[in-house]
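Nothing in this text is a laboratory measurement; each read-out follows from the coordinates by a stated rule. Treat the numbers as computed from the prediction; the structure is a model and nothing was measured. In this analysis, Cβ positions are derived from the backbone assuming ideal geometry, glycine residues included, and neighbour counts consider all displayed protein chains.
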């Protein structure tokens with residue numbers, strides 16, 4: 001996935017310089033300070049992260065080198081799909097933060113820096129004691145590289161130090177670093193989150209325990225009613241004999257006898 005992201009960025013950079021005039025492609029995909037008030041252009045909160053300064057190669061070169069050297073380890077830890085989800089979410093989050101902070105400033109933002117800083121900081125959080133070579137020369141523990149990047153971006157955002165007063169979207173860098181910190185701290189995984197939100201769980205079958213005492217009542221048939229009445233009459237007959245039965249009870253026994261005879265036929 002890291003390779004695919006790099007290829008897309010490089011192809012867009014080349015297409016902007018070779019196939020369009022006056023950086024039209026970059027202008028089309030760039031995020032502007034008024035985009036947040038234009039909902040039909042919200043797709044730019046993602047596309048800005050795939051275009052770079054067309055007037056030089058340094059911008060895209062350093063971003064892609066950072067992604068190339070440290071992104072692979074992060075991808076192997078997260079898996080390709082989750083790495084892509086994290087990378088895109090970081091770009092979108094950085095774009096939203098920058099857009100809110102720059103309302104009414106008549107400014108523009110483009111470049112993969114926010115996503116790349118997020119990946120680099122996530123690497124330093126996942127592998128804090130891994131040795132990395134700053135600018136390919138100076139060996140540093142990964143955690144120290146992360147601290148250095150954050151400090152430089154804070155100084156740039158406050159416009160102090162050598163990185164102050166440069167046309168760099170430090171807010172996007174810091175947003176990417178913050179997003180990586182939260183993602184790692186809470187052990188987020190967007191794949192699992194989406195599955196919980198959008199996968200319908202099978203309903204648990206409702207089990208019903210049969211209980212004779214709680215059997216659902218249903219209307220009694222005429223035959224059942226007759227049988228109960230006959231049972232009561234026969235109990236009385238066993239106690240008092242035939243002479244103790246009333247005329248109605250004798251008629252009931254006679255009726256029951258005829259019904260039972262008809263059933264046997």
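Considering only alpha-carbon pairs that sit under 8 angstrom and 6 or more positions apart, the relative contact order computed for the range 2-198 is 23 percent.
Computed over the Cα atoms, what is the radius of gyration of the range 25-79 divided by 2.2 N^0.38 Å, N being its residue count?
Details: Rg = 14.4 Å, N = 55, 2.2 N^0.38 = 10.1 Å.
Normalised Cα radius of gyration, the range 25-79: 1.43.
If you take the beta carbon distance between residue 96 and residue 158 as r and set R0 to 25 Å, what does 1/(1 + (r/R0)^6) give as a FRET efficiency, to the nearest 0.05? Result of the calculation: an efficiency of 0.70. Net length available on complete extension from residue 43 to residue 105 is 20.3 nm, with 0.36 nm assigned per residue and the Cα-Cα distance removed. Per-residue extension of 0.36 nm, minus the Cα-Cα distance of residue 242 and residue 53, leaves a gain of 56.6 nm for this segment.
I'd like to compare 8-17, 113-122: which one has the highest average count of other Cβ atoms within 10 Å, and what's the full order after that? Walk me through the intermediate numbers first.
Values: 8-17: 15.9, 113-122: 27.7.
Packing proxy ranking, top to bottom: 113-122, 8-17.
The overall shape of the range 1-111, judged from the alpha-carbon gyration tensor, is oblate: a/c is not under 1.5, and a/b is no greater than b/c.
Counting other Cβ atoms within 10 Å as a rough exposure proxy, the listed residues 32, 186, 42 run 186, 42, 32 from fewest neighbours to most. A Stokes-Einstein calculation at 25 °C with viscosity 0.890 mPa s, built on the Kirkwood radius of the range 31-170 over Cα pairs, returns a diffusion coefficient of 154 µm²/s. A full extension of the chain between residue 196 and residue 28 corresponds to an added length of 56.9 nm, given 0.36 nm per residue minus the alpha carbon distance. Report, in whole Å, the centroid distance computed from the Cα atoms of the range 180-200 and the range 81-159. So the separation of the two Cα centres works out to 20 Å.
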